[in-house]
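Bear in mind these aren't lab numbers, they're just calculated from the coordinates by the rules spelled out. If you're wondering where the values come from, they're calculated on a predicted model, not measured in any experiment. All Cβ positions, even for glycine, are placed from backbone atoms using ideal geometry, and neighbour counts span all protein chains on display.
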Amino acid sequence: MSAIPHQAIYADRRARLATQLGAGGIAIIPTAPERTRNRDSEYLFRFDSYFYYLTGFTEPRAWLVITAEGHTTLFCQPKDLEREIWDGIRLGPQAAPDALGVDEAFSVDELDARLPKLLENRHTVWYPFAVHAGLETRVDGWLQKVRARVRFGALCPDAQRDLCGPLDEMRLIKDAHEIGVMKRAAQISAQAHVRAMRRSAATLRAGQDLREYHLDAELLHEFRQHGSQYPAYGSIVAAGANACVLHYRADAAPVRDGELVLIDAGCELDGYASDITRTFPANGRFTGPQRDLYDLVLASQDAAVAATKPGNRFVDPHDATVKVLAQGMLDLGLLNKNDVGHLDDVIAQRHYFRFYMHRTGHWLGLDVHDVGSYVEPSELGQLSERKDPLSGETIKDRPSRILRPGMVLTIEPGLYVSPAPGVPEHFWNIGIRIEDDAVVTEDGCELITRGVPVKADDIEAVMGE
């Protein structure tokens with residue numbers, strides 16, 4: 001069997017992690033379990049992101065053990081010709097060292113027998129806390145077997161540490177290989193959005209019935225057509241008023257002429273997620289009120305993009321977005337100046353929250369909401385308190401993360417206008433979100449998802465083709 005591509009990348013990651021385990025440290029990383037869907041049918045298997053980050057190995061029932069000295073042991077499914085007829089070819093322990101670059105490999109059936117031996121005379125055992133149900137219990141069982149040997153001179157680890165900490169910091173900064181995969185995933189997802197836009201306009205022009213699931217089907221076709229293994233998350237295809245439901249899922253609602261469609265969808269490619277949202281007129285032409293709100297959201301995204309650069313904080317794009325949106329709400333009459341005051345009052349009292357109630361971005365990588373602290377590690381001790389003007393809660397704030405080259409985040413402002421007294425009726429039931437994926441560079445950021453148009457004129461042009 002051929003070696004896993006980019007084997008050296010995974011070996012380097014394992015080596016870097018080993019140096020952070022401390023003298024006498026040992027790390028245990030399982031992959032994800034297989035999940036039963038119903039009766040004897042299983043959900044499509046998706047590996048654990050931490051495990052994949054360190055191995056590139058995609059089979060189920062696998063474990064990785066790393067010592068502070070850099071020795072790596074893999075436990076994987078044994079070769080089984082009968083099961084391989086049903087479930088597919090397995091790598092097997094004999095081929096694993098050459099294919100994956102690990103030092104040794106054993107059958108996963110030997111895990112419980114071998115782990116206590118590996119834990120003997122170690123000081124600290126590391127594993128991902130609160131990720132794998134039952135893992136703490138299994139570790140306790142292995143440690144009990146070590147303690148049973150103390151009369152024979154064995155030493156038992158006396159500390160347990162959360163492996164998510166060092167791994168999250170490693171995963172937060174993407175290397176060139178990761179960014180390359182993410183750019184390809186973004187390209188595929190952009191093509192899928194364009195396909196859905198064109199299908200919408202063409203179907204309505206032909207006078208045919210169009211449903212949200214029709215557009216979802218276009219997305220899925222394009223994802224798989226270009227090699228994506230799965231959607232990165234459940235696709236949101238929301239027509240009309242459904243776009244005001246933030247986590248709406250593609251369903252059977254009709255897509256109507258004159259309404260907007262919000263699609264939040266991205267593919268996963270070789271483990272890495274893309275995440276794009278576009279809002280477009282179902283028939284290919286914005287109405288006046290739709291364009292007014294759309295242009296406001298796009299202007300707020302432009303401000304956020306300008307704020308996404310090294311040295312700035314993670315919160316800066318959000319603050320830039322809120323400032324533009326809040327002023328636009330006042331200008332367009334979504335907020336009444338006589339009731340809420342001026343811009344500073346709208347921001348301070350969070351009056352904008354009724355129309356914009358989420359943050360402007362999140363980390364992106366192996367998980368669509370990727371790992372990585374949003375607090376600057378070097379400033380954890382700095383704490384301030386404030387009272388939230390909406391809930392009255394006391395909020396404890398720590399300094400936001402400083403952006404650095406190699407970080408990847410989404411930039412996704414929105415406006416969601418549900419019918420309500422005092423809200424101009426021509427804006428009712430309009431939900432708009434615009435989302436792009438940004439790689440922080442040395443002097444700013446690169447938007448890797450602009451293969452799908454974002455300006456209103458450009459959207460109309462591509463839907464008219």
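Numbers at a glance
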| read-out | value |
| --- | --- |
| Charge context of Asp367, other residues only, Cβ under 12 angstrom, K/R +1, D/E -1 | -3 |
| Check: the stretch 49-95 dipole with +1 on Lys, Arg Cβ and -1 on Asp, Glu Cβ, in debye | 40 |
| Long-range HN-HN contacts of Ala62 with modeled amide H, under 5 Å | Thr31 |
| Charge dipole (the chain, unit charges on Cβ, about Cα centre) - positive-most of Pro421, His369, Gln225 | His369 |
| Set of aspartates and glutamates near Lys145 by C-alpha distance (under 18 Å), chain-local residues within fewer than 8 positions excluded | Asp109, Glu110, Asp112, Glu120, Glu136, Asp158 |
| Relative packing of peptides 381-393, 61-73 - highest average C-beta neighbours within 10 Å first | 61-73, 381-393 |
| Under-5 Å amide H pairs with Ser400, H placed in peptide plane, nonlocal only | Glu376 |
| Per-selection Kirkwood Rh - the stretch 182-337 (Cα, Å, 1 d.p.) | 16.8 |
| Distance violations [Cα-Cα > 29 Å] among Lys309/Lys455; Lys117/Lys174; Lys183/Lys387; Lys309/Lys337; Lys396/Lys455; Lys183/Lys396 | Lys117/Lys174; Lys183/Lys387; Lys309/Lys337; Lys396/Lys455; Lys183/Lys396 |
| Between the stretch 1-70 and the stretch 395-423, the alpha-carbon center distance in angstrom | 32 |
| Structure-based [θ]222 nm, the chain - -39500 (n - 2.57) summed over DSSP H runs of at least 4, per residue, nearest 500 | -10500 deg cm²/dmol |
| Furthest towards positive pole of dipole, Ala438, Met329, Ile89, structure part the chain, Cβ charges | Ile89 |
| The chain: DSSP helices with Cα axial extent of at least 30 Å and average Kyte-Doolittle hydropathy no lower than -0.5 | 176-205 |
| Nearest-20 debye value, the chain charge dipole, Cβ charges on Lys, Arg, Asp, Glu | 640 |
| Alpha carbon centroid spacing (whole Å) that separates the stretch 240-302 from the stretch 106-185 | 42 |
| Cα gyration tensor category, rounded, prolate or oblate, for the chain with a/c compared to 1.5 | prolate |
| Loop chymotrypsin sites (Phe, Trp or Tyr not before Pro), the stretch 9-51 (other Cβ atoms within 10 Å of the site Cβ: 16 or fewer; DSSP) | Tyr43, Phe45 |
| Burial ordering of Trp142, Trp428, fewest other beta-carbon atoms within 10 Å first | Trp428, Trp142 |
| Cα-based reach from Lys323 at 14 Å (exclusive), listing aspartates and glutamates while leaving out same-chain residues under 8 positions away | Asp302, Asp331, Asp344, Asp345 |
| Selection from Gly207, Pro157, Gln191 lying farthest towards where the dipole of the stretch 125-209 points positive, charges on Cβ | Gly207 |
| Length released on extending from Ala133 to Asp319, taking residue separation times 0.36 nm less the Cα-Cα span | 63.2 nm |
| Computed lengthening from Lys117 to Asp251, 0.36 nm per intervening residue step minus Cα-Cα distance | 43.0 nm |
| Spherically averaged projected area in nm², based on the convex hull that wraps the Cα atoms of the stretch 375-451 | 8.6 |
